[in-house]
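Have a look at the structure below before the remarks.
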Amino acid sequence: MKALSEPLEQLNSFIQVKEYLQEGKGPVHISGTEGSDRVFVMNGCAESADVRLVVTYDEERANRLYEDFRFYEKNVLIYPSKDVLFFSADIHGNAIVRRRMEIFKSLIEGERCTIVLTVDALLDKIPELSYIKSKIISLKEGDSLDVDKFKSRLVELGYEKTETVEGVGEFAIRGGIIDIFPLTEETPYRIDMWDDEIDTIRSFDVESQRSIEWVESVNIYPATEMVLSKTRINKGIKAIEAELKPYEEKLRKSFRTEAAHRIKKEVDALKEQLTEFNGAIGVDGFVDYFYSKTMSLLDCIPADACILLDEPRRIKECADMYMGNFNSAMKSRLEGGYILPGQLELLYPYESIAEKFAARRTVLFSALYYKDEIIPEVFHVEIEAKTVISYKNSFEALVADIERWKSKDYRIILISPSATRGRRLADNLMNVQVSCFFSEDKKRVLKDREMMITTGRLRSGFEFPDMKLAVISEGDIFTSRTAGKSKNKKKSQYSGEVIKSYTDISVGDYVIHEKYGIGIYRGIEQVEVDNVYKDYITIEYAAGGKLYVLASEVDEIQKYSDKEGRRPKINKLGGGEWDKTRKRVKGHVAEVAKELVTLYAKRRDGKGHVYPADTVWQKEFEEMFPYEETEDQKNAINDTKKDMESTKIMDRLVCGDVGFGKTEVAIRAAFKAVSDSRQVAYLVPTTILAEQHYNTFKERMKDFPIEIRLLCRFCTPKEVRETIKDLKAGRVDIVIGTHRLLSKDVEFKQLGLLIIDEEQRFGVTHKEKIKQMKVNVDVLTLTATPIPRTLHMSLIGVRDMSILEEPPVDRRAIQTYVLEYDPELVREAIRRELARKGQVFYVYNRVNNIDEITRQVSGLVPEAVVEYAHGQMSERELEDIMLRFIKGEIDVLVSTTIIETGLDIPNANTMIIHDAENYGLSQLYQLRGRVGRSDRAAYAFLMYKKDKLIKETAEKRLKAIREFTDLGSGIKVSMKDLEIRGAGNLLGADQSGHMEAVGYDLYCKMLNDAIKKERGEEVEEHFDTTVKLPFDAFIPSTYVRNEFIKLDLYKRISQIMDGSDYDDLVDEMTDRFGDLPKEVVNLMDVSLLKSRANKAYITSIVLNNAELSFGMYRDAKIDTDKIDHMLNGYFGKMRFVFGKTPAFVLKAGLLTESEIWHQVDQVVSDIEGLVTA
């Protein structure tokens, strides 16, 4: 932007800086800048360089620099540090490697880019960039490709072979179709082969697996920085063995046999994985053994790149601290026999990096001037800069500053994120006689005293007195919005049902057949009946019973889900037990539906208090919210207000994970109620939560005359008496409390709104009192348990719900490490968190020796206060410990999984999970979600016992590891058990038993029907249509090999409803697997036929002894007067048979396959013509 750069380029001191840099005389030092103003000068210094390397001292600072640089440059990238100590021991996902590989790609392809990093990322040793470049695979349409060699190369490059490509770094081969998700690309690609030639290359969508667009070529970059060929592996193993032998002997000679045994075992495991799987956990820690030449990222950037150092003194401190921690931890690990001596040399010393800075085009930036001891400068200049002080919504203060600057001949630029808002700001300023204009012309140069408003995202403004330049960001004016935050509009990627319940059915799982009950899934078998081949799903029942279900009728089967993960009782085929269970549950479901519908109608028809539209105060209060609301939050807030402004009595449920903003919805509803002279009661299950919410409400409402009180056991008897008295007199506007609020002595003058947090956690007696309180009062219920999408759909119209699925903008991804338990790593993880004044959760799930583990942890970090908490403590004892933890009096809390779900402890950002292999994925997901609730980086360390995994076969071990890796890289996690818990909470605990009896999905289906019936809507009777025609109809293994995918396809084929579904699925299958074989075409034709026949009330279509029979549903809605006319059209070849199962029977004779299809189609069309409704 010329208006910005022009004043800087005219500054004499800056002209000198540019001259020194161009002549390459050595490092230049600029002091006087600090925030966004520093980035402005940095950008000016490096304007002409294609590659700019910005080095800083911590991750938070790197993120701020990244945001600021994006105002000036498009291609700004963060190069993440590997955090070598943990990374080399970790079964890591590929998120970090992906971000680093994107930077290598930019450098290899010569793109203009700005790379921001912390200094520790420069200390890493990486293979030479030329080596990575030599491993890139380029594919073009028309190229020849040997698929087997290509597969071997991909494995060597670190890609993982899967059945379906769902994530980065995976590939799949199905006949002549190759799917691959390159590490540096946004989408995966599908390569269609014609013999040994590439016919087409198309990008495709991971979710739908459908092609998006044709491309001519694609480059596949390695999926790992350490590409290991067989030769390189052998060379590395030799080097490792050469060092192992003398070191092992040395340990044994000094009687450290346990350490000697351990290092031998570590190396053997590494060798096994390298030779078997071409890669290994922790191989990054052996980089020097496999590569004779390594380099730092600094060596990869071109010679004319510009290096910008953000506070060199702090950079050196950061490097020294990182190096010190690394060395002390590695020395302890060396003594314990966890590593080889050569692994101590895994990092470059900072001095060698600083020498390289000194020899390049480097600019040092500091707020105050000092001479750097390591990097000698050739020139120093001071550029005075001031940060624009926030105006806190005061337009008058802004106008006063503009007038002051104009009187000093300043050029002024105001930057707004949107053109609409920018124009409005210009109009507002013009209305108060401030001369300014809006322009998006980036080349425009300003004159003295001119003021321009333009578009862009700048975190905060700045002023340069020597340049007579002032820059204001919109965030400086309106402080209620955090400046520079880009709003993420993207909805959650996996909204609703997170997992397709069919793709995760494995052999041995419990399944439910709607007619026959609970059995065990035994896989797909191909069976020949009357010379016709079809696939059948085999289900095993009690007493040796076996049921064969046509794979095309798979939608009658559901995976059995139970919130406790217990084994269900298997039913007996032909026994009446399952029918009894279904009838019992159906009765209970009808009662639930009746209760829900009656309650809803009562509240809807009752007359509630009508609140007025938002007041000026309400708007002002909402603008003071310091964050950007998510779309879901906005919707929940608007729905709540609509309820309050209507005549009905509000009964809204707000569901959303902790930290997703439910409390803000409640705060705004409470403010609205108080504004209309109504009182608010906020009921929470625990004392700590009451205090947390009390503090939040006090903080948010401090600028308004609202009386907020707390009622719980932390209050003195005198405070309790006063609060109760003032509530009755109407002097208290909002009261927040535990079940103490439900006591008889608590009375309100005019209660208008009741907010209930986690209602399911109150006891039966408390719930009854809550019910009495609810009468004629608006109610807002909040819960953190996810509500199942299926249940949500059933309850639309009987329960008002708002679901918050979108995480807040500030939420940082949690860096997850999966590693073998190692006391050294535990010590290091805790010390790092304590060094940044944070706290640690240590999860250990056995109560019997939790005190012993606490002592062990305390021994590792004697400087820390370590205490434990578990569910068998008294409620008061537990609350007191949690309260001390929240107040920061405890550094490390060793706890069972009872860690309070609703608690918000933003200062606890490291979690260590002991024996992580004993937890289910969703349990780990939930636990992990308790850290990372602030804008700080959070860490989760999942520690497993290595010996436990080693006893398993190599394949099983890798499968377990892969599950953990999925969690680490944030790929979808099964939410099924969480959803079932949510369903139990929503419908009441007594329903859980019935849900378990018939399975969750079937229960939801029954509930849906019961609600429709209760509301007087027509519920169609369900009946099945069977088709028995002499065609092979199945999915051959040569077409789709994987049983999960096959099962999912059978399910989707069985759900074809019309021609458009049919065409859609044909397109997708052709795209994914190639042309459809005849058997699959038959299968799809039969499915479409079944759908048409079912709508025409046909229960069966059978060809037997040259007769085609079309069985009819007894209560079919057809025009019987038209039957004779239809029969006449077949000239005596068709008759209508009455009886138990009415049917149309046609003498068909001997027909070919295509004639049978034609004849069946004709009859079904004629029967469709008889249907009356």
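Pairs needed: first member in the range 1043-1060, free of Cβ contacts under 8 Å to residues at least 40 places away in the same chain; second member anywhere, small (Gly, Ala, Ser); C-beta distance under 8 Å; at least 6 residues apart or different chains.
Filtered contacts from the range 1043-1060: ILE1056/SER1087; ILE1056/SER1091; MET1057/SER1091; ASP1058/SER1091.
Which ones in the range 401-417 are out of contact with any Lys or Arg (no Cβ under 9 Å at 6 or more places or on another chain) and either in a loop (DSSP other than H, G, I, E, B) or under 18 Å from TYR72 (Cα atoms) (or both)?
ILE413, LEU414
From the residues in the range 1150-1173 that are assigned to a loop (DSSP other than H, G, I, E, B) and out of contact with any helix residue (DSSP H, G or I) (no Cβ under 9 Å at 6 or more places or on another chain), which one is surrounded by the fewest Cβ atoms within 10 Å (Cβ to Cβ)?
Residue satisfying both the conditions and the ranking: ALA1173.
From the list THR790, THR765, THR785, THR816, pick out the single residue that is assigned to a loop (DSSP other than H, G, I, E, B), at pLDDT below 80 and either among the hydroxyl-bearing types (Ser, Thr, Tyr) or surrounded by fewer than 19 Cβ atoms within 10 Å (Cβ to Cβ) (or both).
THR785
Hey, among the residues in the range 201-230 that are touching a Lys or Arg at 6+ places or on another chain (Cβ under 6 Å) and among the polar types (S, T, N, Q), which one's nearest to GLN273 (Cα to Cα)?
Residue satisfying both the conditions and the ranking: GLN209.
Any residue at all in the range 200-218 that is surrounded by fewer than 23 Cβ atoms within 10 Å (Cβ to Cβ), in contact with a Leu (Cβ under 8 Å, 6 or more places away or on another chain), assigned to a helix (DSSP H, G or I) and not charged (D, E, K, R)?
So far as the range 200-218 goes, no, none of its residues is surrounded by fewer than 23 Cβ atoms within 10 Å (Cβ to Cβ), in contact with a Leu (Cβ under 8 Å, 6 or more places away or on another chain), assigned to a helix (DSSP H, G or I) and not charged (D, E, K, R).
Restricted to the range 382-405, and to residues that are among the basic types (Lys, Arg) and either under 42 Å from the mean Cα position of the chain (by Cα) or modelled with pLDDT under 90 (or both), which residue is surrounded by the fewest Cβ atoms within 10 Å (Cβ to Cβ)?
So the first thing to find is which residues in the range 382-405 are among the basic types (Lys, Arg), and the list is 386, 392, 404.
If we keep only those that are either under 42 Å from the mean Cα position of the chain (by Cα) or modelled with pLDDT under 90 (or both) as well, we get 386, 392.
On the way: LYS386: 16, LYS392: 12.
Applying the filter and picking the extreme gives LYS392.
If we scan the range 822-843, do we find a residue that is part of a loop (DSSP other than H, G, I, E, B), among the aliphatic types (A, V, I, L, M) and not assigned by TED's automatic domain parsing to the domain that holds GLY324?
There is no residue in the range 822-843 that is part of a loop (DSSP other than H, G, I, E, B), among the aliphatic types (A, V, I, L, M) and not assigned by TED's automatic domain parsing to the domain that holds GLY324.
Take the residues in the range 303-339 that are among the charged types (D, E, K, R) and either assigned by TED's automatic domain parsing to the domain that holds ARG832 or at pLDDT below 90 (or both); name whichever of them is nearest to ALA49 (Cα to Cα). Before you say what the answer is, go through the steps one by one.
Within the range 303-339, the first condition is being among the charged types (D, E, K, R), and the residues that meet it are 304, 310-311, 313-314, 316-317, 320, 331, 333, 335.
Next cut, either assigned by TED's automatic domain parsing to the domain that holds ARG832 or at pLDDT below 90 (or both) only: 331, 333, 335.
Working: LYS331: 41, ARG333: 43, GLU335: 47 Å.
Going through the qualifying residues, I end up with LYS331.
Exactly one of these conditions fails for ARG855: (1) modelled with pLDDT of 95 or more; (2) surrounded by 15 or more Cβ atoms within 10 Å (Cβ to Cβ). Give me its number.
With (1) modelled with pLDDT of 95 or more; (2) surrounded by 15 or more Cβ atoms within 10 Å (Cβ to Cβ) applied to ARG855, the lone miss is (2).
Going by what's in this entry, would VAL227 be described as part of a loop (DSSP other than H, G, I, E, B) and without any contact (Cβ under 8 Å) to a residue 60 or more places away in the chain?
no
Among the residues in the range 434-452, are any at negative phi, part of a strand (DSSP E or B), at pLDDT 90 or above and touching a Lys or Arg at 6+ places or on another chain (Cβ under 6 Å)?
Yes, the range 434-452 contains a residue that is at negative phi, part of a strand (DSSP E or B), at pLDDT 90 or above and touching a Lys or Arg at 6+ places or on another chain (Cβ under 6 Å).
Looking at PHE1110, PHE1023, can you tell me which residue is surrounded by fewer than 16 Cβ atoms within 10 Å (Cβ to Cβ), touching a Phe, Trp or Tyr at 6+ places or on another chain (Cβ under 6 Å) and not basic (Lys, Arg)?
Working: PHE1110 fails: surrounded by fewer than 16 Cβ atoms within 10 Å (Cβ to Cβ).
Answer to the check: PHE1023.
Could you list, in sequence order, all residues of the range 847-896 that are in contact (Cβ under 8 Å) with a residue 24 or more places away in the chain, part of a helix (DSSP H, G or I) and among the aliphatic types (A, V, I, L, M)?
ILE850, ILE853, VAL857, LEU860, MET882, LEU883, ILE886
Considering only the range 1095-1129, state which residues are charged (D, E, K, R) and under 24 Å from ASN531 (Cα atoms).
Our first condition is that a residue be charged (D, E, K, R); within the range 1095-1129, this holds for 1095, 1107, 1114-1115, 1117, 1119, 1121-1122, 1124.
Correct list: GLU1107 only.
Kindly evaluate GLY752 against the criterion of being small (Gly, Ala, Ser), surrounded by 14 or more Cβ atoms within 10 Å (Cβ to Cβ), closer than 13 Å to MET773 by Cα and touching a Lys or Arg at 6+ places or on another chain (Cβ under 9 Å).
yes
Does SER36 satisfy the condition of being assigned by TED's automatic domain parsing to the domain that holds LEU122, within 32 Å of the chain's Cα centre (by Cα) and farther than 26 Å from LEU123 by Cβ?
It is true that SER36 is assigned by TED's automatic domain parsing to the domain that holds LEU122, within 32 Å of the chain's Cα centre (by Cα) and farther than 26 Å from LEU123 by Cβ.
Quick grid of which residues meet (1) under 31 Å from the mean Cα position of the chain (by Cα); (2) surrounded by 16 or more Cβ atoms within 10 Å (Cβ to Cβ); (3) at pLDDT 85 or above:
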site	(1), (2), (3)
SER486	yes, no, no
SER495	yes, no, no
TYR533	no, no, yes
GLY587	no, no, yes
ALA593	no, yes, no
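Determine if the range 33-44 includes at least one residue that is in contact with a Gly (Cβ under 8 Å, 6 or more places away or on another chain) and buried (at least 23 other Cβ atoms within 10 Å of the Cβ).
So far as the range 33-44 goes, yes, one or more of its residues are in contact with a Gly (Cβ under 8 Å, 6 or more places away or on another chain) and buried (at least 23 other Cβ atoms within 10 Å of the Cβ).
Looking at the range 36-55, can you tell me whether even one residue there is charged (D, E, K, R) and in a helix (DSSP H, G or I)?
Checking the range 36-55: at least one residue is charged (D, E, K, R) and in a helix (DSSP H, G or I).
Here is a list of conditions, (1) closer than 22 Å to VAL732 by Cα; (2) part of a loop (DSSP other than H, G, I, E, B); (3) touching a helix residue (DSSP H, G or I) at 6+ places or on another chain (Cβ under 6 Å), and VAL680 meets all of them except one; can you say which number that is?
Here VAL680 meets the rest and fails (2).
Contact list please: Cβ distance under 6 Å, first residue in the range 241-268 and more than 21 Å from GLY282 (Cα to Cα), second residue surrounded by 16 or more Cβ atoms within 10 Å (Cβ to Cβ), pairs at least six apart or on different chains.
That search, which allows pairs on different chains as well, returns LEU251/ALA259; LEU251/ALA260; ARG252/ALA260.
Is it true that GLU163 is surrounded by fewer than 19 Cβ atoms within 10 Å (Cβ to Cβ) and not in a strand (DSSP E or B)?
Numbers: surrounded by fewer than 19 Cβ atoms within 10 Å (Cβ to Cβ): yes; not in a strand (DSSP E or B): yes.
So GLU163 passes the test.
Kindly provide the set of residues from the range 1-31 that are surrounded by fewer than 21 Cβ atoms within 10 Å (Cβ to Cβ) and not in a helix (DSSP H, G or I), ordered by number.
MET1, GLN10, LEU11, GLY24, LYS25, GLY26, SER31
If I filter the range 101-136 down to residues being more than 21 Å from ASN43 (Cβ to Cβ) and free of Cβ contacts under 8 Å to residues at least 60 places away in the same chain, which single residue comes out as surrounded by the fewest Cβ atoms within 10 Å (Cβ to Cβ)?
Among them, the one singled out is SER134.
Could you list, in sequence order, the residues of the range 375-400 that are in a helix (DSSP H, G or I) and free of Cβ contacts under 8 Å to residues at least 40 places away in the same chain?
Correct list: GLU396, ALA397, VAL399, ALA400.
Anything in the range 174-199 that is part of a strand (DSSP E or B) and either among the aliphatic types (A, V, I, L, M) or in contact with a helix residue (DSSP H, G or I) (Cβ under 6 Å, 6 or more places away or on another chain) (or both)? List them, or say none.
Step one: of the range 174-199, the residues part of a strand (DSSP E or B) are 174, 177-180, 189-194, 197-199.
Within the range 174-199, ARG174, ILE177, ILE178, ILE180, ILE191, MET193, ILE198 qualify.
The values are calculated or read from the model by the stated rules, or taken from the named source; none is laboratory data. Note that the coordinates shown come from a computational prediction; the quantities given were computed from them, not determined experimentally. Every residue, glycine as well, gets a Cβ built from its backbone with ideal geometry; the counts of neighbours run over all protein chains shown.
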